[in-house]
Each structure stands twice: as C-alpha cells, then as structure tokens.
Amino acid sequence: MTAEQLNNLMLAVSLLALLLLFATFLRARIRLLQRILLPSSLIAGFIGLILGPQALGLIPAGIIEIWGGLPGRLISVVFACMFLGHAIPSPGTVWREAGPQICYGFLAGFGQYFVAILLTMTLLTPLFGVPPIFATILEIGFSGGHGTASGMCEVFGALGFPDGCDLGLMSATVGITVSVVFGMLLVNIAARRRYALLINSPGSIPRDVLSGILEIGNRRSIGTSTVSTNAIEPLAFHLGFVGVSILIGWLAYSVMRGLHPILKSFPLFPLAMLGGIAVQAASSRLKVDRLLDRQSFERIQGLSLDILVASAIASLNLRVVLDYAAPFSILMIAGLVWMLALTWFLAPRMFPDAWFERGVVEFGMQTGVTAVGLLLLRIVDPEYRTAAAPSFGFKQIVYEPLLGGGLITSISPMLLIGMGPVWAFLVLTGIMLLFLGVAAAAGFFHRHPGPYQSIHQ
C-alpha cells in the first residue's frame, strides 16, 4: 500500500468517525430517532449514503469505495472477539440451563431458511426469476445482521451473485428496524394482556437509553486493565489476542481453500470465531485467562461493529435494492410473519416460565441484533430477575458457532449452489425438524399458560 493510499484510508476513516459523532448528537436531539431506537451507526450510514455519489454527491466515489472495503475485513475482528474472555461452560451445564431456549433458537434460525427457500422455489424464482441463492439473504440479514451480511459479500461474488451483498445489507437494515418497531409492539400487547411476568403496563425506557448520552451517575468503566501500562497498553494487549485468533482462522482458511473448489468461496470470519474459541481454551489451559478482560474485548468488538455498520450502509448500492424491490419485500414480510408467529404462538407453549421474556429477547436477536433483544428484555424485566437473560446467554454459546454468522450461515449459499434448492431445503428443514423432535422428546411442550393472575414485584 502506497503512502497516498494510506492517506486516503486515514481520510476515509476520519470522515466516517465524524459521521458517527454527528449521528450520536443528532439522536440525542431528535425525539423520532430516539423513539425508534435507531443506532447511531445506522444514522451515520444513512447520512453517508445521502451525501454520497448516489444522492447529493458531496462525498467522492473514492471515499465510498474505501468504505465499501471495510466491512469485509472488520467482521473478522467482530467474530474473533465473540468468545474471548468468556469462560466456556460444560455441555451439560448449557443444556440444563438453556435446553428449551436452544431448541427454540434453532427452530427460529433454521425456520428462516425453511420459509425463505420454500418461498423462493415456489413463488419468487418462477415469478421474478431470482436465483435460488436469493433465499439465503433472509437469515444472513435477520439472524446474522450487518456484520454477517458484509462478511458474505465475497462469498456471493465468488458464487456468481454479487447483488447478494447489497441485498444482505438491506435485509439487515430492515431486520433491525423490524426488531425495534414490532418488538415494542409485542411488549405493549403482552404487558396489557398480563403475559409479562413482572409488569402490567409498558415500562418507560430510561432517558439515557433513548438519547444515547449517559448521565454522570450512570457512567461506568469500559474495561479493566489487566496489565501495566508501563509494559503495554491494555487495549493493545487484548488486540494481540484478537490478532492471534484471526491468524488461526486465516491458517484454517488457507487450508480449506485448497481442499475443494467450492470451498474457495468460504469466508474468513466464522473461522476467526473458531480461532477465538481456540485461543480462549488455550488461555484457560495455560492459566492466563485471568488476564483476559471481557469488557475490553467487547469494546474492540463494538468499535469494529459501529464502523462496519456505518460504512456498509453508506456504501450500499441502491440500484440493486430497487431492482429486487418486489421479491425482496415479499421475503422480508414472510420472515417477519414467521418470527411473530413463533413469538406469539410457540414461545408460550415451549418455555417453562417467563415465556414472553424468553420469546421477546429471541425475537429481537433473530430479526435484529443481540443488543436489541436484550433491550426489549430490559423493558419487561429491568433487573433481569427472570431466567430469560442467563438462558439466552447460554443458548448463544451453542447458537453463534452455527447460525447468525456461524458455519451453517457461511455454507448455506454453497449448499444451494452445490446441492440444488430442493436438497438444500430438505437438509436444512430436516435439521429444523430434528430440533423440534428433541424439544418434544425432552417434554418442553405444554399448554399456553394464559395471562398471569398476579404480577410478581
């Protein structure tokens, strides 16, 4: 990379940082943005899109091109951090604490493939001529989010469907909007019908959550120093573990690309996540895991994700989205209906207690991001008094390596290309039915409990 290219990169990142800063203060001032709980990274991305060559033309195409290259790299950082600093519990502990949540989560995730592939085969391909791989953008965008969609861009390109990159990013944008709007609707209905365990009316969201600016009394440290700054900056120390995780993923990535031609399209980011798991396991074995601060990894992950989302939205190709407007809209509506049906009809018949709390956190995550799911849970369970939060956390340990950006998400486009849509549909549906059978065999299903007779304060 030449000096000029490095200067352009610094300029592009600095401009993106300015947009993120402006978006943060914009949300703090505008009530509408607060009501819909729109993240500052999305606001910054939309501002960049408006200022770019597709609209006002104030930001040159060269800057947009650099922004477009950032998400595919930063997603490896996001996934590498996913399990670093976490103690990995035993499989028995995970199942005891979150058996119903695990089955429900996989039913939701694999169900997105079930709905999308079935709809694409029977309606969207015959009517609109979309390729079978089009079906994957629902789970990639909804359950995966912007990071996963960005990481899959090279996969779509290698498999002859470059439009999948922009469609995946738009799917993630629709998903996070749906998760907030319909999540809040579900919260209001459940509270009034006494389906929520701890509240009988929708609670007010704290002011600092709405504005995004924390009051002095609510501010907290963003990490704990585990090494002396005389030796190394603590954040640089933690970045070292992230780098090792990505290097392990890169080695696996290099080996996989040589095994079979179709594996050349396999992305790096899920392997970086597996590298992070390996680093965490090795750290525990070597008794150095006490030096790994989870909050520091979360800050590295959060910084990367904010830059990723803003740059991805700002570099979105609107022409592609408009070209696929009709089939895309149908697919998004079908995905939303699926998730609403699960939350309202399956959750109360599957979860042993606090069914709405468990269901709404899953709805927020499966349509948007984990943060939205936890925000919705916080509204109905402000102090995390129910079992919903720990159950969801244990479920994520099993879920994330496979779906929502995990291995299954990564190979799903290759399954559709390599096996054909019918066989891919049968395989993914079969896995969904397997989890349904496990849930039935484990005795998780029961009658709808109805409204709670009293609210437990």
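Please pick out the residue among ALA334, ALA314, ALA310, ALA341 that is over 28 Å from ILE88 (Cβ atoms) and under 17 Å from the mean Cα position of the chain (by Cα). Outline the logic, then answer.
Details: ALA334 fails: under 17 Å from the mean Cα position of the chain (by Cα); ALA314 fails: under 17 Å from the mean Cα position of the chain (by Cα); ALA341 fails: under 17 Å from the mean Cα position of the chain (by Cα).
Step by step, each of ALA334, ALA314, ALA310, ALA341 is checked, and only ALA310 is over 28 Å from ILE88 (Cβ atoms) and under 17 Å from the mean Cα position of the chain (by Cα).
Does PHE345 satisfy the condition of being farther than 20 Å from ALA149 by Cβ, of a type in the set (Phe, Trp, Tyr) and in contact (Cβ under 8 Å) with a residue 60 or more places away in the chain? Walk me through how you get there before you give the answer.
Working: farther than 20 Å from ALA149 by Cβ: yes; of a type in the set (Phe, Trp, Tyr): yes; in contact (Cβ under 8 Å) with a residue 60 or more places away in the chain: no.
So PHE345 fails the test.
Out of the residues in region 218-267 meeting the condition of being part of a helix (DSSP H, G or I) and of a type in the set (Gly, Ala, Ser), tell me which one is farthest from GLY72 (Cα to Cα).
As a first pass, look at region 218-267 and keep what is part of a helix (DSSP H, G or I): 218, 234-257, 261-265.
Still in the running and of a type in the set (Gly, Ala, Ser): 236, 240, 243, 245, 249, 252, 254, 265.
Numbers: ALA236: 22, GLY240: 20, GLY243: 16, SER245: 16, GLY249: 15, ALA252: 18, SER254: 17, SER265: 13 Å.
Going through the qualifying residues, I end up with ALA236.
Please list, ordered by first then second residue, the pairs with beta carbon atoms under 7 Å, 6 or more apart or interchain, first in region 434-453 and more than 10 Å from PRO100 (Cα to Cα), second outside any helix (DSSP H, G or I) and modelled with pLDDT under 85.
PRO451/ARG193; PRO451/ARG194; PRO451/TYR195; TYR452/ARG194; TYR452/LEU197
With the structure loaded, tell me whether LEU74 is among the hydrophobic types (A, V, I, L, M, F, W, C) and surrounded by fewer than 18 Cβ atoms within 10 Å (Cβ to Cβ) or whether it fails that test.
Details: among the hydrophobic types (A, V, I, L, M, F, W, C): yes; surrounded by fewer than 18 Cβ atoms within 10 Å (Cβ to Cβ): no.
When the stated conditions are applied, LEU74 does not pass them.
Has region 123-137 got at least one residue that is of a type outside the set (A, V, I, L, M, F, W, C), closer than 17 Å to VAL398 by Cα and either free of Cβ contacts under 8 Å to residues at least 40 places away in the same chain or part of a loop (DSSP other than H, G, I, E, B) (or both)? So that I can check it myself, show each step before the final result.
So in region 123-137, the residues of a type outside the set (A, V, I, L, M, F, W, C) come out as 125-126, 129, 131-132, 136.
Filter again for closer than 17 Å to VAL398 by Cα, leaving none.
Among the residues of region 123-137, not one is of a type outside the set (A, V, I, L, M, F, W, C), closer than 17 Å to VAL398 by Cα and either free of Cβ contacts under 8 Å to residues at least 40 places away in the same chain or part of a loop (DSSP other than H, G, I, E, B) (or both), which makes the answer no.
Return the pairs, sorted by first residue and then second, in which the second residue is part of a helix (DSSP H, G or I), the first residue lies in region 88-107 and is at positive phi, the beta carbons are less than 7 Å apart, and the residues are 6+ apart or on different chains.
none
Farther than 30 Å from LEU434 by Cα and touching a residue at least 60 places away in the same chain (Cβ under 8 Å): which single residue out of ILE75, ILE30 fits that description? Working first, answer last.
Working: ILE30 fails: touching a residue at least 60 places away in the same chain (Cβ under 8 Å).
One residue alone meets the criteria, ILE75.
Residue by residue, here is whether (1) farther than 14 Å from LEU16 by Cα; (2) part of a helix (DSSP H, G or I); (3) not aliphatic (A, V, I, L, M) holds:
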{"residue": "LEU56", "(1), (2), (3)": "yes, no, no"}
{"residue": "GLY62", "(1), (2), (3)": "no, yes, yes"}
{"residue": "LEU70", "(1), (2), (3)": "no, yes, no"}
{"residue": "ARG73", "(1), (2), (3)": "yes, yes, yes"}
{"residue": "PHE79", "(1), (2), (3)": "yes, yes, yes"}
{"residue": "GLY85", "(1), (2), (3)": "yes, no, yes"}
{"residue": "ILE88", "(1), (2), (3)": "yes, no, no"}
{"residue": "GLY92", "(1), (2), (3)": "yes, yes, yes"}
{"residue": "TRP95", "(1), (2), (3)": "yes, yes, yes"}
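Within the group PHE182, PHE156, PHE128, which residue is surrounded by fewer than 23 Cβ atoms within 10 Å (Cβ to Cβ) and farther than 15 Å from SER329 by Cα?
Values: PHE156 fails: surrounded by fewer than 23 Cβ atoms within 10 Å (Cβ to Cβ); PHE128 fails: farther than 15 Å from SER329 by Cα.
None of the other options fit; the residue is PHE182.
Residues are listed down the side, and each one gets a yes or a no for (1) more than 17 Å from the chain's Cα centre (by Cα); (2) in a helix (DSSP H, G or I); (3) under 26 Å from GLY275 (Cα atoms); (4) of a type outside the set (A, V, I, L, M):
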position	(1), (2), (3), (4)
LEU376	no, yes, no, no
PRO382	yes, no, no, yes
SER391	yes, yes, yes, yes
ILE397	no, yes, yes, no
GLY404	no, no, yes, yes
THR409	no, yes, yes, yes
PRO413	yes, yes, yes, yes
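Among the residues of region 360-397, which ones are crowded, with 24+ Cβ neighbours inside 10 Å and free of Cβ contacts under 8 Å to residues at least 60 places away in the same chain?
VAL361, LEU377, ALA388
Please go through region 55-107 and give me each residue that is touching a Lys or Arg at 6+ places or on another chain (Cβ under 6 Å) and modelled with pLDDT of 90 or more, ordered by number.
In the first step, residues of region 55-107 are kept if they are touching a Lys or Arg at 6+ places or on another chain (Cβ under 6 Å); the result is 85, 98, 101-102, 105.
Matches in region 55-107: GLN101, ILE102, GLY105.
Yes or no: VAL427 more than 22 Å from the chain's Cα centre (by Cα) and either of a type in the set (Ser, Thr, Tyr) or over 17 Å from ALA149 (Cα atoms) (or both)?
Values: more than 22 Å from the chain's Cα centre (by Cα): yes; either of a type in the set (Ser, Thr, Tyr) or over 17 Å from ALA149 (Cα atoms) (or both): yes.
Judged against the criteria, VAL427 is a match.
Return the residue satisfying two criteria in turn: it lies in region 238-264 and is of a type in the set (A, V, I, L, M) and loosely packed, with under 13 Cβ neighbours inside 10 Å, and of such residues it is nearest to the chain's Cα centre (by Cα). Even if it seems obvious, please write down each step before you answer.
To start, the set of residues in region 238-264 that are of a type in the set (A, V, I, L, M) comprises 239, 242, 244, 246-248, 251-252, 255-256, 259, 262-263.
With the extra rule that they be loosely packed, with under 13 Cβ neighbours inside 10 Å, the set shrinks to 251, 255, 259.
On the way: LEU251: 25, VAL255: 27, LEU259: 29 Å.
Among those residues, the one meeting the criterion is LEU251.
Taking the criterion of being crowded, with 16+ Cβ neighbours inside 10 Å, under 24 Å from THR177 (Cβ atoms) and not β-branched (Val, Ile, Thr), would at least one residue in region 9-18 satisfy it?
yes
Taking the conditions exactly as written (among the aliphatic types (A, V, I, L, M) and modelled with pLDDT of 85 or more), does VAL380 satisfy them or not? Show your work before the answer.
Details: among the aliphatic types (A, V, I, L, M): yes; modelled with pLDDT of 85 or more: no.
Here the answer is no, as VAL380 does not meet what is asked.
Somewhere in region 87-99, is a residue under 30 Å from ALA441 (Cβ atoms) and buried (at least 24 other Cβ atoms within 10 Å of the Cβ)? First the steps, then the outcome.
We begin by selecting, within region 87-99, every residue under 30 Å from ALA441 (Cβ atoms); these are 87-99.
Of the ones still in play, those that are also buried (at least 24 other Cβ atoms within 10 Å of the Cβ) are 98.
Yes, region 87-99 contains at least one residue that is under 30 Å from ALA441 (Cβ atoms) and buried (at least 24 other Cβ atoms within 10 Å of the Cβ).
When both residues are 6+ apart or on different chains and their Cβ atoms are under 7 Å apart, which pairs have a first residue that lies in region 211-237 and is surrounded by 13 or more Cβ atoms within 10 Å (Cβ to Cβ), and a second that is aromatic (Phe, Trp, Tyr)?
VAL227/PHE237
The values are calculated or read from the model by the stated rules, or taken from the named source; none is laboratory data. If you're wondering where the values come from, they're calculated on a predicted model, not measured in any experiment. A quick note on method: Cβ atoms are made from the backbone with ideal geometry, for glycine too, and the neighbour counts reach across all protein chains shown.
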